Amino acid sequence: MAKTIQAIRGMNDCAPTESPLWQWVEDKVRNVLQSYGYSEVRMPIVESTPLFARAIGEVTDVVSKEMYTFWDNDEQLTLRPEGTAGCVRAAIEHGWIYNNEQRLWYMGPMFRHERPQKGRYRQFHQAGVEVFGIANPEIDAELILLTARLWKELGIDQHVSLQLNSIGSLEARKNYRSALVEFLQQHIDLLSDEEKERLEKNPLRILDSKNQALQEVLNGAPKLLDYLDEESRTHFAQLCTLLDEMGIAYEVNPKLVRGLDYYNKTVFEWVTSALGAQGTVCGGGRYDGLVEQLGGHATTGVGFAMGLERLVLLVQEVNQHIDLPRAVDIYVVHTGEGTTLPAFQLAEKLRTNLPHLRTMTHCSGGNFKKQFKRADKVGAKFALVIGESEAQNQQVVVKDLLGGEQQVLAQADVVDFLKTAF
Ligand code: ATP
Ligand code: MG
């Protein structure tokens, strides 16, 4: 036999047995987003590399070491590592946000060259939201309400919690950065080589270091919230008040800064302790400077992205009450002279009249025993059986595969029977 070829490490297949749960999760996401009036956008999976370098920032983990980049003739292209940059690019390019508010969402694969482990893959899927042209903290609150509603729908709301922070304006962050660097210089011996490098390039990232000893020391570090500009402070206070009034619980986490450069003011993450190290299921924040940075007219932005693999894992872990649709409801069995055509006609009639049911017609021949085995294997609830005498008399045997009883019906009555049976 020829040598088989395997999938790329960290890039997963979705098996036929797994896709019903994925579809269930994706439907919930879609329905919640649409219930808030958001519109779907679809962007290419490949963009020009400088877009990500400019939007996300050269010194971030994503741009400095996680991107899949290749040359296409003399142009450098990258498989998108996230959706915000492409969405902003498209919004500017097509004038979606010129003098206009937009509430947009997207869903699809993203690519990052990371070390694969549970909840961390090289091809993974995000559902994301980007809202343009609304500066008011009311929209920040709406995004959080929307995600909270989704967690309820997914049955995971008892297992996620909200971390919230404001990282203020660029100016405020500059001031804070100096204070933080000065503080960290006094504890330089606790920093790893990588963190020493970050101290120069991106010191705020050190705040979410996994190093326990350093974390203890960081509890005494200057707090970004104390360095906020007046406008960001008011914005954050208004957001917190609205969340309080709407009954959304959160924890203000002064060390939450998020990995990407483009954020300002609000940042948030929904985290869980049920998935081990990969505990962040959703992260987002405000990026008021990004549109201008990418060449558009100054337009505020705020958004988030959630990792669908982590959500699916969490649903599997904590929600045992999902009623997933069966892949096949009705299996049409037929054998003998002149039975194929009536079987096909009957199945088509069911699909026309009962489009919510899933009807499969047996196509690989064989005796009834073999065909019933298939019907059981695909998990059908009813088998519709057409033998030679049923074909001649325009009848069909309806067999309840779960209960075992069977009855003979006129083919003309099958639709009505199945209407009441499901
Ligand atoms: P992490 O800290 O886990 O690396 P991140 O800050 O890099 O996450 P974001 O860029 O904010 O993640 O992406 C939003 C969400 O996408 C994350 O909260 C997570 O749920 C998901 N995500 C990010 N990277 C991966 C990955 N490699 N595999 C699976 N899901 C991912
Ligand atoms: Mg990451």
Checklist entry - Between the stretch 340-391 and the stretch 122-153, what's the alpha-carbon centroid distance in Å? => result 44 Å
Item to check | Along each principal axis, Cα extent of the stretch 315-416, largest first, Å | outcome: 52, 28, 24
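So what's the net charge close to residue 421: Lys and Arg +1, Asp and Glu -1, counting the other residues with Cβ under 9 Å from its Cβ? Mind showing how you got there, number by number?
Values: positive: 381, 419; negative: 400.
Counting the neighbours of residue 421, the net charge comes to +1.
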Checklist entry - What are the radius of gyration and Dmax of the chain, computed over its Cα atoms and given in Å? => result 27.6, 92
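Let me check I have the definition right: for the stretch 1-111, take the eigenvalues of the Cα gyration tensor, multiply each by 5, take square roots. What are those semi-axes in whole Å, largest first?
Working: eigenvalues 152, 124, 27 Å².
Values for the stretch 1-111, descending: 28, 25, 12 Å.
In a shell of Cβ-Cβ distance under 11 Å around residue 163, excluding residue 163 itself, what net charge do Lys and Arg (+1) and Asp and Glu (-1) give?
In short, -1.
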Item to check | Length-normalised contact order for the stretch 308-367 - Cα pairs under 8 Å, 6+ apart - percent | outcome: 39 percent
Item to check | Degrees, to the nearest 10: 230-245 long Cα axis against longest axis of the chain | outcome: 40 degrees
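Test of understanding: what is the full-extension gain from residue 337 to residue 11, defined as 0.36 nm times their sequence separation minus their Cα-Cα distance?
On the way: separation 326, 0.36 × 326 = 117.36 nm, distance 4.81 nm.
Length gained, residue 337 through residue 11: 112.5 nm.
Please state the relative contact order of the stretch 1-128 as a whole percent: Cα pairs under 8 Å, 6+ residues apart?
Working: 148 pairs, mean separation 37.1, N = 128.
It comes to 29 percent, rounded to a whole number.
Place the peptides 29-35, 75-81 in order of packing, highest mean first, counting for every residue the other Cβ atoms within 10 Å and averaging per peptide. If you can, show how the numbers build up before the last one.
On the way: 29-35: 16.0, 75-81: 18.1.
Per-residue mean Cβ counts within 10 Å order the peptides as 75-81, 29-35.
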Next on the checklist: I want to check the label-to-label distance for residue 352 and residue 135. Put each point 7 Å from Cα in the C-beta direction and report it in nm to one decimal.
Outcome noted: 6.0 nm
Item to check | Cα coordinate range in the stretch 52-196, projected on the principal axes (Å, largest first) | outcome: 47, 46, 38
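Are there any GluC sites (Glu not before Pro) in the stretch 271-380 that are in a DSSP loop and have at most 13 other Cβ atoms within 10 Å? List them by number.
Working: sites: 292, 309, 317, 337, 348; in loops: 337.
Of the GluC sites (Glu not before Pro), the ones in loops of the stretch 271-380 whose Cβ has at most 13 other Cβ atoms within 10 Å are 337.
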Checklist outcome for this item: Simple spin-label estimate for residue 192/residue 409, 7 Å along Cα→Cβ, in nm, reads 6.4 nm
Checklist entry - If you average the sequence gap of Cα pairs under 8 Å that are 6 or more apart and divide by the length of the chain, what percent do you get for the contact order? => result 15 percent
Checklist entry - When the Cα centres of the stretch 276-329 and the stretch 81-112 are compared, how far apart do they sit, in Å? => result 15 Å
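What is the sum of charges, Lys and Arg at +1 and Asp and Glu at -1, for the other residues whose Cβ falls under 13 Å from the Cβ of residue 134? Please report the intermediate quantities before stating the final value.
Values: positive: 103, 265, 286; negative: 101, 130, 138, 140, 142, 288.
Taking every Cβ under 13 Å from that of residue 134, the sum is -3.
Here, each number is a calculation from the coordinates, and none is a lab measurement. These numbers come from a predicted model, not from an experiment. When we count neighbours, we look across all protein chains shown, and the Cβ atoms used for this are built from the backbone with ideal geometry, even at glycine.
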